[in-house]
1. From the residues in the stretch 48-69 that are more than 13 Å from the chain's Cα centre (by Cα) and not small (Gly, Ala, Ser), which one is farthest from Cys84 (Cα to Cα)?
2. Scanning the stretch 33-47 for residues that are small (Gly, Ala, Ser) and surrounded by fewer than 19 Cβ atoms within 10 Å (Cβ to Cβ), which turns out nearest to the chain's Cα centre (by Cα)?
3. Yes or no: the stretch 9-32 includes at least one residue that is surrounded by 13 or more Cβ atoms within 10 Å (Cβ to Cβ), at pLDDT 95 or above, part of a strand (DSSP E or B) and touching a Phe, Trp or Tyr at 6+ places or on another chain (Cβ under 6 Å).
4. Could you tell me whether Lys76 is out of contact with any strand residue (DSSP E or B) (no Cβ under 7 Å at 6 or more places or on another chain), modelled with pLDDT of 95 or more and not in a strand (DSSP E or B)?
5. Scan the stretch 68-111 residue by residue and report those that are in contact (Cβ under 8 Å) with a residue 24 or more places away in the chain, surrounded by fewer than 17 Cβ atoms within 10 Å (Cβ to Cβ) and among the β-branched types (Val, Ile, Thr).
6. Out of curiosity, is Gln41 among the polar types (S, T, N, Q), assigned to a loop (DSSP other than H, G, I, E, B) and out of contact with any Pro (no Cβ under 6 Å at 6 or more places or on another chain)?
7. Do you know which residues across the stretch 147-159 are part of a strand (DSSP E or B) and either modelled with pLDDT under 95 or crowded, with 20+ Cβ neighbours inside 10 Å (or both)?
8. Out of the stretch 121-146, which residues are touching a helix residue (DSSP H, G or I) at 6+ places or on another chain (Cβ under 8 Å) and in a strand (DSSP E or B)?
Amino acid sequence: MGAAVKKTNAMRELEVAGIAYRVHTYEHVEGDFSGVHVAEQLGEDPDQVFKTLVCAAPSGAHVVCCIPVDQELDLKRAARAAGCKALSMLPLRDLTAVTGYVRGGCSPVGMKKPFPTIIDETCQLFDTIMVSGGRRGIQLELDPAELVRITKAQMADICMEGKA
């Protein structure tokens with residue numbers, strides 16, 4: 001890695017918790033929020049690069065879901081896993097106010113406050129996975145068990161069926 005990367009909240013929280021991680025940087029193209037494109041730039045398997053999606057429950061509570069970048073979130077499965085009647089995607093305009101992060105740079109670690117988190121169970125297939133580092137252009141590689149531990153996440157099958 002060339003120039004030093006300014007630490008993000010996600011990096012600081014991982015360090016405080018004593019969790020090892022590796023920083024990977026990529027060129028963020030304005031307007032392109034494709035996680036598959038990020039995985040390609042990093043030369044990584046899209047199944048191993050996870051995107052962070054924030055959902056809202058009818059009660060106003062928020063739930064964070066992490067799934068592979070080439071998958072789609074099944075809101076019914078995620079709601080069941082979270083113990084909610086239903087979940088909907090958090091409106092983009094509310095993302096920064098709720099999480100402290102922007103689209104394309106939303107990490108499950110280091111949000112303004114902790115939220116119930118669900119990570120797709122496929123994370124267990126890998127020694128390490130990548131999640132956003134808390135800023136566009138930064139991915140953090142870490143042990144999925146450590147990500148589960150720091151976010152107090154549960155693992156569940158929350159992706160849509162039938163992905164090609």
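1. Residues of the stretch 48-69 more than 13 Å from the chain's Cα centre (by Cα): 56-62.
Pick out the ones that are also not small (Gly, Ala, Ser) and you get 58, 62.
Numbers: Pro58: 8, His62: 10 Å.
Looking at the filtered set, the residue picked out is His62.
2. Keep residues of the stretch 33-47 that are small (Gly, Ala, Ser), which gives 34-35, 39, 43.
From what's left, surrounded by fewer than 19 Cβ atoms within 10 Å (Cβ to Cβ): 34, 43.
On the way: Ser34: 13, Gly43: 18 Å.
So the residue we want is Ser34.
3. Within the stretch 9-32 (the criterion being surrounded by 13 or more Cβ atoms within 10 Å (Cβ to Cβ), at pLDDT 95 or above, part of a strand (DSSP E or B) and touching a Phe, Trp or Tyr at 6+ places or on another chain (Cβ under 6 Å)), the answer is no, since none of the residues qualifies.
4. Details: out of contact with any strand residue (DSSP E or B) (no Cβ under 7 Å at 6 or more places or on another chain): yes; modelled with pLDDT of 95 or more: yes; not in a strand (DSSP E or B): yes.
In short, yes.
5. Scanning the stretch 68-111 gives a single hit, Val102.
6. Working: among the polar types (S, T, N, Q): yes; assigned to a loop (DSSP other than H, G, I, E, B): no; out of contact with any Pro (no Cβ under 6 Å at 6 or more places or on another chain): yes.
Taking the combined requirement at face value, the residue does not satisfy it.
7. Our first condition is that a residue be part of a strand (DSSP E or B); within the stretch 147-159, this holds for 154-156, 159.
Matches in the stretch 147-159: Cys159 only.
8. Passing the criteria: Ile129, Met130, Val131, Ser132, Gln139, Leu140, Leu142.
The values are calculated or read from the model by the stated rules, or taken from the named source; none is laboratory data. Fair warning: this is a prediction, and the values are worked out from it, not measured in the lab. Using ideal geometry, Cβ is built from the backbone for each residue, glycine included, and neighbour counts are taken over all protein chains shown.
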